[in-house]
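Remarks on the structure that follows.
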Amino acid sequence: MHPGSGQEEILAAVTDQTAGVIVQYPNAFGAVEDWTRTVAAVKAAGALAVCAAYPTALAAVKTPGAMGFDIVVGEGQPLGLPLSFGGPYLGFMCTDMKLMRKMPGRIVGQAKDSSGRTGYVLTMQAREQHIRRSGAMSNICSNENLCALAALSYMTLLGRQGMVEVAELCMAKARHALAELTGIKGVRRVGSQPFFNEFVLELPMDAAEAAGHLVEKGYAAGFPLGRYYSGRQNQILVSVTEKRTREEINGFANAMEAVLWS
């Protein structure tokens, strides 16, 4: 489903042949939506409802479980892991008890034999898979134990209230950044939906060009949406995390104003 699809459009696409529906939360443009009614309708149609969630946001917004999702997946990088030029990170996958025994435990690879025929083979598996078969619980994946240990340490040290405080910092700093950036002549926010720590701005120039100039000034401005969405060449998705200071945010706004109006 297209990242910009509305909930009604998603429901219209669900048929009795639909196995599952996966949505991003917050969505691709940073908006926080309540999926409760849509999830109920998807499940009533016999499909699974899957939520791809930003973990830090879940300490502050309505949780996927509260909205009735069957499965929650996501990227664990925000849980104390450095960006490291794109990895290594870890993913997470959660489900309710009724689906627990159906969690994947095998990675199946596709190859071709010497005659060019397609074949499938269990490329990664545990011995338990052959002994307990459908009752096996081993989840096999590439080895991300170090990342998982770092994330576990991060969450353990923060604790329940610490996770809430991190989420609140993200929200507060994102709103400060939004106020500073929309105070620049010609810059406005696109949309009015609630957001967590990402928002879309309309600039008075090509967003990719502006982002390039800001990199030269030492700021990773955000993601120019025109790269994937036609008609959005002047729009940029900005993200602010708990790591950014007020001074950095103000410096970013000053640099943005200089790029736009110098």
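The values are calculated or read from the model by the stated rules, or taken from the named source; none is laboratory data. Nothing here was measured: the structure is a model prediction, and the numbers come from that model. Please note: Cβ atoms are built from the backbone with ideal geometry, for glycine as well, and neighbour counts cover all protein chains shown.
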Out of Thr38, Thr56, Thr18, which single residue is part of a loop (DSSP other than H, G, I, E, B) and of a type outside the set (Gly, Ala, Ser)? Thr18
Selected residue (criterion: nearest to Met205 (Cα to Cα)) from residues of region 157-188 that are in contact with a strand residue (DSSP E or B) (Cβ under 8 Å, 6 or more places away or on another chain) and not in a helix (DSSP H, G or I): Val187
Complete set of residues in region 209-225 that are surrounded by fewer than 17 Cβ atoms within 10 Å (Cβ to Cβ) and either within 24 Å of the chain's Cα centre (by Cα) or assigned to a helix (DSSP H, G or I) (or both): Glu209, Gly212, Val215, Glu216, Ala220
With respect to Ile236, is the statement that it is within 26 Å of Leu58 (Cα to Cα), in contact with a Pro (Cβ under 8 Å, 6 or more places away or on another chain) and not in a loop (DSSP other than H, G, I, E, B) true? yes
Residues that are surrounded by 13 or more Cβ atoms within 10 Å (Cβ to Cβ) and free of Cβ contacts under 8 Å to residues at least 40 places away in the same chain: does region 192-199 have at least one? no
Within region 153-171, is there a residue that is surrounded by 13 or more Cβ atoms within 10 Å (Cβ to Cβ) and at pLDDT below 85? no
Residues that are touching an Asp or Glu at 6+ places or on another chain (Cβ under 7 Å) and either part of a strand (DSSP E or B) or small (Gly, Ala, Ser) (or both), drawn from region 71-121: Gly91, Thr95, Gly119
Consider Ser114 against the criteria (1) under 16 Å from the mean Cα position of the chain (by Cα); (2) surrounded by fewer than 12 Cβ atoms within 10 Å (Cβ to Cβ); (3) of a type outside the set (D, E, K, R): it satisfies all of them except one. Which criterion is unmet? (1)
Can you give me the number of residues within region 177-187 that are out of contact with any helix residue (DSSP H, G or I) (no Cβ under 6 Å at 6 or more places or on another chain) and either surrounded by 20 or more Cβ atoms within 10 Å (Cβ to Cβ) or within 14 Å of Phe252 (Cβ to Cβ) (or both)? 4
